[in-house]
Every structure is written in C-alpha cells, then in structure tokens.
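Engineer: First the structure, which I've put down as structure tokens, then a few questions once you've had a look.
What follows draws every value from the coordinates through simple rules; no lab data is involved. A quick note: this is a predicted structure, and the numbers were derived from the prediction, not measured. Cβ coordinates were reconstructed from backbone atoms using ideal geometry, including for glycine residues, and neighbour counts include every protein chain displayed.
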C-alpha cells in the first residue's frame, strides 16, 4: 500500500501543514475559501467575520474587530 492511500484530506474550514497528524480549524477571521485539503488559511476581507467554515460580510451598521 502506498503512503498516500492512508492520508486523509482536511475538511473545509480546517488545514494541515504536511506531515501533521491532524487538521485544525482556521483561526478566527480566516477561512479555507471553501476548499478541502487546505495547507493554509486566508484572511476574511475587511468587514467580514468567520461563520463556521466561510467568511460572511457584516450587515449594514455592523463591523468586525480583529
């Protein structure tokens, strides 16, 4: 069996740097841009917050602190 056959992809909203034995959630204010098998998280755009595994824009009259 090849090594790749036993590797698992990280789910959306989690990432792993190669060689780690687990996937971890992206830090607050970042996401994986709806991708699986992410190796890094990207920042949400200004005026957006993390909601689960995606960035969501704040409503009018609201803002996000980072």
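Engineer: What FRET efficiency would be calculated for the residue pair residue 22, residue 65, taking the C-beta separation as r and a Förster radius of 25 Å, to the nearest 0.05?
Structural biologist: With R0 = 25 Å, the Cβ-Cβ based efficiency is 0.30.
Engineer: In percent, what relative contact order does the chain have, based on Cα pairs under 8 Å that are 6 or more apart in sequence?
Structural biologist: Across the chain, relative contact order equals 27 percent.
Engineer: Rg and Dmax of the stretch 4-57, using alpha carbons, in Å: what are they?
Structural biologist: Radius of gyration, then largest Cα-Cα span, for the stretch 4-57: 11.6, 41 Å.
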